[in-house]
Structure formats: C-alpha cells, structure tokens
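Asks: This structure is in structure tokens; I'll ask about it shortly.
The values are calculated or read from the model by the stated rules, or taken from the named source; none is laboratory data. Here the structure is a predicted model, which is why all the values come from computation and not from measurement. Here the Cβ is made from the backbone with ideal geometry for all residues, glycine too, and neighbour counts use every protein chain on show.
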Amino acid sequence: MQRSLLVLLVFLACSALRADGHAGSAAHPALARLPARMLWAWERPEDLRWLPADVGVAYVASTILLRGADALVHPRTAPLLLADGAALVPVLHVDASWREPPALSAQQSARIVQELLRVAQRGNRSVVQLDFEVRRSQRPFLAQTIAGIRRQLDPRIALSVTALASWCMDDAWLPAGLADEVVPMAFRMGAGQDTLRQRLHRQGFTQPVCRAAAGYASDEPPLRSVAARGYYFSPRPWTAASWRAMRAHTYADISSDTYSAYP
C-alpha cells in the first residue's frame with residue numbers, strides 16, 4: 001500500500017513539473033481572482049445576504065458517504081441565500097463510514113470524480129473544492145482519486161483540497177502539483193492541538209504546498225493568519241454578529257498578518 005502511494009505521488013509531482021516547468025509555479029488564475037476571505041457554508045440553511053462584498057462563500061454542494069461497496073451521493077438540499085455577485089465556490093464533502101469501512105474501489109473513486117465534475121459547474125469563480133480527510137491507510141485512495149480529477153477537470157477550473165494540519169507539518173505527504181490550492185485546517189487538530197497551535201504561531205505551516213491558504217474555526221481561540229487566504233468554519237449558521245466576532249479574533253487583517261518569513 002505504501003509503495004503504491006509513493007509511486008503515485010512521484011507520478012503526480014512529475015506531472016506538475018511537465019505541465020508547469022517547475023514545482024511551486026504561480027497560482028492558478030482562478031485562485032488569483034478569489035477573495036482573501038472565504039466562509040464555509042455547511043449543509044444547513046444559511047442566509048448570507050449580509051456578507052461583505054469582499055468575502056466569498058465555499059458551500060457544500062454535495063456530500064458522498066463511502067460505505068462498504070457503496071458511494072452514496074446526497075446533493076445539497078438546505079437553502080443558501082446570497083447577495084447578487086457573491087463569489088461562490090462549490091465544495092464536495094466526502095465521508096468514509098467507520099461502522100462499515102469502505103472498499104475504496106475504483107468504482108467509488110470514479111463516483112467521487114463524477115460528482116466533483118458535476119458540482120464544479122455550480123460556482124461562479126472557476127474554483128471547486130474537495131473536502132476529504134482520510135486515515136493513513138486511505139491516502140493512496142485519495143491520491144488516486146485526485147489524480148482522476150486532475151485528468152478530467154477542465155484546466156480552466158482550479159482544484160482546491162482541504163487537508164489535516166498534520167499533513168502540512170510533521171506528517172507531510174502531499175506533493176507539489178497534487179492540487180492548485182491546499183487548505184490545511186488549523187482547528188480540530190486532535191490531542192496535540194495546543195502544541196500545534198504554538199508552532200503555527202511561531203512558524204506557520206512548514207510545507208510549501210500548504211502556505212497559500214488555511215482554515216480557521218469561529219469556536220476556537222484566536223490564531224494568527226498563517227496564509228494569504230483564509231477559509232472560516234462555524235459549527236452554527238453564520239450571522240453578521242458571528243462574522244464580526246470571528247474577524248475580531250484575528251490579530252490583524254490577512255493582507256498584513258500573513259507569516260512574514262514565507263518566501
């Protein structure tokens with residue numbers, strides 16, 4: 001399993017080199033046009049018509065549950081209200097059942113690819129996001145699925161993927177070129193969260209592929225901005241008041257507080 005993951009990651013890195021001439025190339029044009037602040041809107045009713053014009057929305061457009069041999073697709077049903085012209089990025093959220101572990105078959109991977117291609121048309125900024133955090137043993141499946149997405153996704157559409165914070169620090173395995181944007185989640189970081197938060201305060205995420213964006217939560221202690229773009233999560237429906245409180249919890253505006261040691 002680990003050998004297959006290594007082979008696949010080398011292939012993805014080489015593909016990025018062939019396509020761009022070098023690793024770590026300039027951001028995808030679609031990402032360059034995306035707001036620096038993005039709210040995550042989960043599968044629940046959300047009225048975001050109050051949102052400032054310079055804040056975008058990454059909303060769960062569909063959810064897939066991998067269970068046994070199945071890939072159960074649940075398109076969004078909760079209402080989402082937005083102001084005209086708001087930047088909108090569709091998110092495909094993928095869960096793996098703990099009670100009935102998934103087979104991680106080629107058919108399940110293909111179903112994820114198919115659904116992501118479908119929801120990619122549900123935004124207005126030519127960006128789509130995959131939210132799929134996996135166990136160590138499931139990494140080859142995730143890498144294979146992302147490779148399938150990259151082969152079929154319109155190159156004019158940028159691919160953003162979320163990542164566990166550990167993947168962007170000591171447990172790094174994400175190669176350059178895996179996605180156009182990697183969004184490490186600087187919240188819900190597990191038993192070692194306090195230590196990780198202290199390290200993030202000092203140095204930010206150590207892996208270069210993880211330095212363009214980061215995710216933060218409204219119900220956790222303040223954390224300095226560690227990337228140029230922030231995605232913001234709330235366990236409850238957003239309100240204008242909760243957004244103001246979230247902004248007050250950041251030490252400074254993203255544009256001026258990004259970790260200065262980054263090249």
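Asks: So how many residues does segment 102-133 have that are part of a loop (DSSP other than H, G, I, E, B) and over 20 Å from ALA176 (Cα atoms)?
Replies: Residues that pass the stated criteria total 8.
Asks: Checking the condition out of contact with any His (no Cβ under 7 Å at 6 or more places or on another chain), over 30 Å from LEU82 (Cα atoms) and modelled with pLDDT of 95 or more, which residue from GLY192, GLY148 passes?
Replies: Numbers: GLY192 fails: modelled with pLDDT of 95 or more.
After applying the criteria, what remains is GLY148.
Asks: What's the total number of residues in segment 56-84 that are buried (at least 20 other Cβ atoms within 10 Å of the Cβ) and not in a strand (DSSP E or B)?
Replies: Counting residues in segment 56-84 that are buried (at least 20 other Cβ atoms within 10 Å of the Cβ) and not in a strand (DSSP E or B) gives 1.
Asks: Go through segment 2-29 and give me each residue that's exposed (fewer than 13 other Cβ atoms within 10 Å of the Cβ), of a type in the set (A, V, I, L, M, F, W, C) and modelled with pLDDT of 50 or more.
Replies: Once the filter is applied, which keeps residues that are exposed (fewer than 13 other Cβ atoms within 10 Å of the Cβ), of a type in the set (A, V, I, L, M, F, W, C) and modelled with pLDDT of 50 or more, segment 2-29 yields only ALA26.
Asks: Could you list, in sequence order, all residues of segment 211-230 that are charged (D, E, K, R) and surrounded by fewer than 22 Cβ atoms within 10 Å (Cβ to Cβ)?
Replies: Within segment 211-230, ARG211, ASP219, GLU220, ARG224 meet the criteria.
Asks: If you go through segment 30-37 one residue at a time, do you hit one that is in a loop (DSSP other than H, G, I, E, B), crowded, with 21+ Cβ neighbours inside 10 Å and at pLDDT 95 or above? Lay out the reasoning, then the answer.
Replies: Narrowing segment 30-37 to residues in a loop (DSSP other than H, G, I, E, B): 33-36.
The next check asks that each one be crowded, with 21+ Cβ neighbours inside 10 Å; those that pass are 34.
Still in the running and at pLDDT 95 or above: 34.
Among the residues of segment 30-37, at least one is in a loop (DSSP other than H, G, I, E, B), crowded, with 21+ Cβ neighbours inside 10 Å and at pLDDT 95 or above, which makes the answer yes.
Asks: While we're on this one: Please go through (1) surrounded by fewer than 14 Cβ atoms within 10 Å (Cβ to Cβ); (2) of a type outside the set (Asp, Glu); (3) at pLDDT below 95 for GLN107 and return the number of the only condition it doesn't satisfy.
Replies: The failed condition is (3).
Asks: Tell me, which residue of segment 89-104 that is in contact with a helix residue (DSSP H, G or I) (Cβ under 8 Å, 6 or more places away or on another chain) and surrounded by fewer than 21 Cβ atoms within 10 Å (Cβ to Cβ) is nearest to GLU43 (Cα to Cα)?
Replies: My answer is ALA96.
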